[in-house]
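Everything below concerns the one structure shown next.
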Amino acid sequence: MPVGEPSRPYVVCPVCGHGFRAAYASSYVTVGREADLCPKIPGRPSDGARLIRSAVTMCPMCSFAAGEAFDDLDLTFDERYGIEERLREDGLLKVFRKGQPPWLGFHAAEVCGKERNLKSRELGDLCLRASWVCRKEKERPFESTFQLRAMRHFMRSLQEDDLIGRELSVTTYLVGELNRRLGNHREALNWYVNAGRTTEGDPRVAWLDRLIDRQSKLAREQAA
Ligand SMILES: [Zn+2]
């Protein structure tokens, strides 16, 4: 199978029992990352967006979505009930379920993830990926919406998730970078400083120190 060609295993939705062919991504080639860690993927942006999207699977029947393989999920009765309720009540799903915009799977995975008590770091990651898809698909207002949601999850994660090491540094940095992208340049600068403190010159995250330097300069220029 060529690299980047998704496999399409048959999966069963753990919420409604509907069976369908999912599109799991195989590995794909990247040529570096943007400053918010969005992978640069050769080819058309919409092809890149498709590959990023295949990180989540969404049931076409009930909209249950998750980043994990459906086979690996073992939901309790209460979780299933809670998820059904949330999916039914969710405002964005009500409006966009028919149109299936490219970010919908990530949004649904976030809705379901809250009921499954995913960590804030993971919820933030779903929203960050949604913002990448929006950028590649030129859905500008939704890009900002998901950046804001990712930022809030990451800030909560810094308070609640006991992050350490690389994950702590990267999460702190991302709060800065998302602030910068949302136009809060001074806020961004504060978070870059915080992120720099967490790396403590660790050579394994030298790439992040370089990124913090570069993005701080940018934010200072933008704040001026
Ligand atoms: Zn389903």
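From the list ASP161, ASP209, the lone residue that is farther than 30 Å from ASP78 by Cα and either buried (at least 20 other Cβ atoms within 10 Å of the Cβ) or free of Cβ contacts under 8 Å to residues at least 60 places away in the same chain (or both) is ASP209.
Being assigned to a loop (DSSP other than H, G, I, E, B), free of Cβ contacts under 8 Å to residues at least 24 places away in the same chain and polar (S, T, N, Q), is that true of even one residue in region 133-153? Among the residues of region 133-153, not one is assigned to a loop (DSSP other than H, G, I, E, B), free of Cβ contacts under 8 Å to residues at least 24 places away in the same chain and polar (S, T, N, Q), which makes the answer no.
Within region 33-72, the set of residues being crowded, with 16+ Cβ neighbours inside 10 Å and within 15 Å of the ligand (Cβ to nearest atom) comprises VAL56, THR57, MET58, CYS59, CYS62, SER63, PHE64, ALA65, ALA66, PHE70. On the stretch given as region 79-128, residues that are in contact with a His (Cβ under 9 Å, 6 or more places away or on another chain), in a helix (DSSP H, G or I) and not aromatic (Phe, Trp, Tyr) total 12. Summed over region 32-69, the residues that are under 17 Å from LEU104 (Cα atoms) and of a type in the set (Lys, Arg) give a count of 2.
Residue-by-condition table, conditions (1) surrounded by 21 or more Cβ atoms within 10 Å (Cβ to Cβ); (2) farther than 23 Å from LEU118 by Cα; (3) hydrophobic (A, V, I, L, M, F, W, C):
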position: GLY165; (1), (2), (3): no, no, no
position: SER169; (1), (2), (3): yes, no, no
position: THR172; (1), (2), (3): yes, no, no
position: ALA195; (1), (2), (3): yes, yes, yes
position: ARG204; (1), (2), (3): no, yes, no
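Tallying residues that are within 13 Å of LEU168 (Cβ to Cβ) and at pLDDT 95 or above within region 199-218 yields 1.
Evaluation of HIS107 against the conditions (1) surrounded by 13 or more Cβ atoms within 10 Å (Cβ to Cβ); (2) over 30 Å from ILE212 (Cα atoms); (3) within 16 Å of the ligand (Cβ to nearest atom) shows that the sole unmet condition is (2).
The values are calculated or read from the model by the stated rules, or taken from the named source; none is laboratory data. Keep in mind the model is a prediction, meaning the values are calculated, not measured. Note that each Cβ is placed from the backbone with ideal geometry, even for glycine, and that neighbours are counted across all protein chains shown.
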